[in-house]
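Student: Right, I'll just put the structure down here and ask away after.
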Amino acid sequence: MRSWRLKSITGSTYLGARTALVILLLLTGGCCSLDATQVKAASDFIYVNEQLAPEPASQITASAQKVKLAQDYLAVTANPYATAAATKILAEGGSAIDAAIAAQMVLGLVEPQSSGLGGGGFLLFWDAKNQQLSSYDGRETAPLGADENLFLKAGDGQPVGFVEALIGGRSVGVPGMVHMLGRAHDQHGIIEWPLLFDDAIELAENGFTVSERLSTLIKKVPALRARPQMARYLYPDGQGLLQGGLLKNKDYALSLKTLAAGGPNAFYYGAMVEAMVAVVGDDANPGQLSMRDFSQYQSVLRKPVCKIIFAYRFCGMGPPSSGATTVLSILAMLESLEIEARHNPSLVSAGVAGDAVLAHAFIEASRLAFADRNKYLADPDFVSVPVVGLLEADYLSQRASMIDLARRSKLTPPGSPSAVDADAFMTGLSLELPSTTHLTIMDASGNIVSMTNSIETAFGSRLMSGGFILNNQLTDFSFAPIDASSQKIANRVQGGKRPLSSMSPMIVFDTKNQPVLALGSPGGRSIISYVARVLYEVLVLGQSLPQSVAASHVVEAGNKVRVESAVSEDTVKTLGEMGHVLDVREQTSGIHAIYKTSLGWQGVADPRREGTASGQ
């Protein structure tokens, strides 16, 4: 066993192309005027979900790897290399934070399309000793020199095309993940910071086996050769990386060694920053990142957003994440409806997708919750977000009363919660594509991490620096600063602002304030539906966690409802008769969860991806 040193006290699936984009415009109030050329550009660029999902069946299919029962500690991550790194840290006395850092450094190497040093995210941490829940905001920020014209054409003031916004330096925000992890480690780490990088450095130097998922996405995601450094890395000898091949990344190993030796500050000062700023500024589609942007970046310790629903206390990340407010709104409306059918024991096996009444109620509650999300949510440091009002019991009861359990509502307008600031308007168009990762970890002391990280679209901005990919998270802002009525959009670009997100790391507590379930998922805007469904089925219907995670998704998507092919014909037929337009397509969720059972803690990795669960 390795001899650890204790940390010193002072130590530091893609949117459907053309139709989905039109739907999203309608959903967000038509605030941004994209012409036919722009819609076609996005249509040609964003592959339809059927082409990317379901991803090829993972070869990591043994139930022991997807589901794990443990007594002392658990790690569930998106890749077996990362799960192994986290489990080793836990086995040798590390905290959940330590294990999360080790896992994330590995994920940035073996799953570069989803997250990494060049991105950001959100982290929930349950401190078992002090019985305290903390939430860390490591979301990227817009450069201080950016303004609401960032994604507008110089000539006519119209939003640029999606491809023009995505590829290159213009879309890159100040990465926040390293700062967030460093801050969490200062407060809750046990093992010395440098030792948390060992596994990732070894894999980067000696090589790792390219997974089926990475190889498949390289083949199917377009424009990966748009920038020479990424083309050289992903297409050695002119051919895309093949499954089973050995891939090394010496540049990433050097970056990790720099971070290990210099601490988190090494990412925000010095040579690493100079390199990132140069890559962004010298690009053919340049961005505005500066050394000052990095030196002034701060992750934020925010108050978690919690609400008691169905006798549990559900807690998640507040703005600029829309995850907690939207998920909790959906669940609270379902509670208010008091659907008689949900008390039927037969629904334990059927779940939301197996019963048309439940599916309909879930869809309608989601539509109402998203209407509020689309109007009121943005960075709380720039916009007054009525979080308390959006979650008030009377308000949500009134919203639930708008649901007709027999028919799809023609309109689901945003409501009028209390304490609404006059400057809160539509959040506008943000595509928020689903390339993200989530990990859930519990250590031997009962501390829990639920963390979601992202670089935005698959392979981010297509820019690499230091062996890692830079995000394109600024495309999560509204491209246009005003709506059709010339009102300022809450989620418009502003210097230093954080774009709206749907990332939804969650931890749920029982009546004794003890954690019972922690989870999250990648999936862009669909994350909210994925997480809300599993929470409802497991904690309300009493379905088992593995069954619910594997069950079919029902996703509210504007004018349509996306359902997976396993949804029963009867449910599909009945939903159609209720007025829903169904879009049958698979969903590449990546739910990673841990759940307290009578036999111990159960870890579950989503069978749709290559994640694994491990523990003791």
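Student: Please go through the range 223-273 and give me each residue that is crowded, with 20+ Cβ neighbours inside 10 Å, farther than 11 Å from residue 467 by Cβ and of a type in the set (Phe, Trp, Tyr), ordered by number.
Tutor: Passing the criteria: 267, 268.
Student: Among the listed residues 548, 502, identify the single one that is closer than 26 Å to residue 113 by Cα and surrounded by 21 or more Cβ atoms within 10 Å (Cβ to Cβ).
Tutor: The conditions single out 502.
Student: Going by what's in this entry, would residue 440 be described as part of a strand (DSSP E or B) and modelled with pLDDT under 95? Step through it out loud before you land on a result.
Tutor: Working: part of a strand (DSSP E or B): yes; modelled with pLDDT under 95: no.
So residue 440 fails the test.
Student: Scan the range 186-214 for residues that are within 14 Å of residue 85 (Cα to Cα) and of a type in the set (Val, Ile, Thr) and jot them down.
Tutor: Correct list: 191, 201.
Student: Taking the range 583-616, which residues are of a type in the set (A, V, I, L, M) and modelled with pLDDT of 95 or more?
Tutor: Listed by number, the residues that qualify are 591, 593, 594, 599, 604, 605, 613.
Student: Just one of the numbered conditions (1) out of contact with any Asp or Glu (no Cβ under 9 Å at 6 or more places or on another chain); (2) under 27 Å from residue 505 (Cα atoms); (3) modelled with pLDDT of 95 or more is not true of residue 221; which one?
Tutor: Among (1) out of contact with any Asp or Glu (no Cβ under 9 Å at 6 or more places or on another chain); (2) under 27 Å from residue 505 (Cα atoms); (3) modelled with pLDDT of 95 or more, the lone unmet condition for residue 221 is (3).
Student: Out of the residues in the range 511-560 that are touching a strand residue (DSSP E or B) at 6+ places or on another chain (Cβ under 7 Å) and of a type in the set (Val, Ile, Thr), state the one that is farthest from residue 339 (Cα to Cα).
Tutor: Across the range 511-560, the extreme among qualifying residues is 516.
Yes/no per residue for (1) assigned to a loop (DSSP other than H, G, I, E, B); (2) crowded, with 23+ Cβ neighbours inside 10 Å; (3) under 11 Å from the mean Cα position of the chain (by Cα):
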residue: 449; (1), (2), (3): no, yes, no
residue: 453; (1), (2), (3): no, yes, yes
residue: 458; (1), (2), (3): yes, yes, no
residue: 462; (1), (2), (3): yes, yes, no
residue: 484; (1), (2), (3): yes, no, no
residue: 490; (1), (2), (3): yes, yes, no
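Student: If you don't mind, there's one more thing I want to ask. Scan the range 360-385 and report the pairs whose first residue is farther than 21 Å from residue 483 by Cα and β-branched (Val, Ile, Thr) and whose second residue is at pLDDT 95 or above and assigned to a helix (DSSP H, G or I), with Cβ atoms within less than 8 Å and a gap of 6+ or a chain change.
Tutor: That search, which allows pairs on different chains as well, returns 363/575.
Student: Oh, and also: If you go through the range 118-137 one residue at a time, how many are within 21 Å of residue 267 (Cβ to Cβ) and in contact with a Gly (Cβ under 6 Å, 6 or more places away or on another chain)?
Tutor: Going through the range 118-137 one residue at a time, the tally reaches 2.
Student: Follow-up. For the range 516-598, list the helices (runs of 4 or more DSSP H) that sit wholly inside it and hold at least 1 residues that are farther than 27 Å from residue 107 by Cβ and touching an Asp or Glu at 6+ places or on another chain (Cβ under 8 Å); which are they?
Tutor: Where helices (runs of 4 or more DSSP H) fall fully within the range 516-598 and carry at least 1 residues being farther than 27 Å from residue 107 by Cβ and touching an Asp or Glu at 6+ places or on another chain (Cβ under 8 Å), they are 569-577.
Student: Among the listed residues 195, 123, 90, identify the single one that is modelled with pLDDT of 95 or more, surrounded by fewer than 24 Cβ atoms within 10 Å (Cβ to Cβ) and either assigned to a loop (DSSP other than H, G, I, E, B) or of a type in the set (A, V, I, L, M, F, W, C) (or both).
Tutor: Testing whether each residue is modelled with pLDDT of 95 or more, surrounded by fewer than 24 Cβ atoms within 10 Å (Cβ to Cβ) and either assigned to a loop (DSSP other than H, G, I, E, B) or of a type in the set (A, V, I, L, M, F, W, C) (or both) leaves just 195.
The values are calculated or read from the model by the stated rules, or taken from the named source; none is laboratory data. For clarity, every value in this text was computed on a predicted model and none was experimentally measured. Using ideal geometry, Cβ is built from the backbone for each residue, glycine included, and neighbour counts are taken over all protein chains shown.
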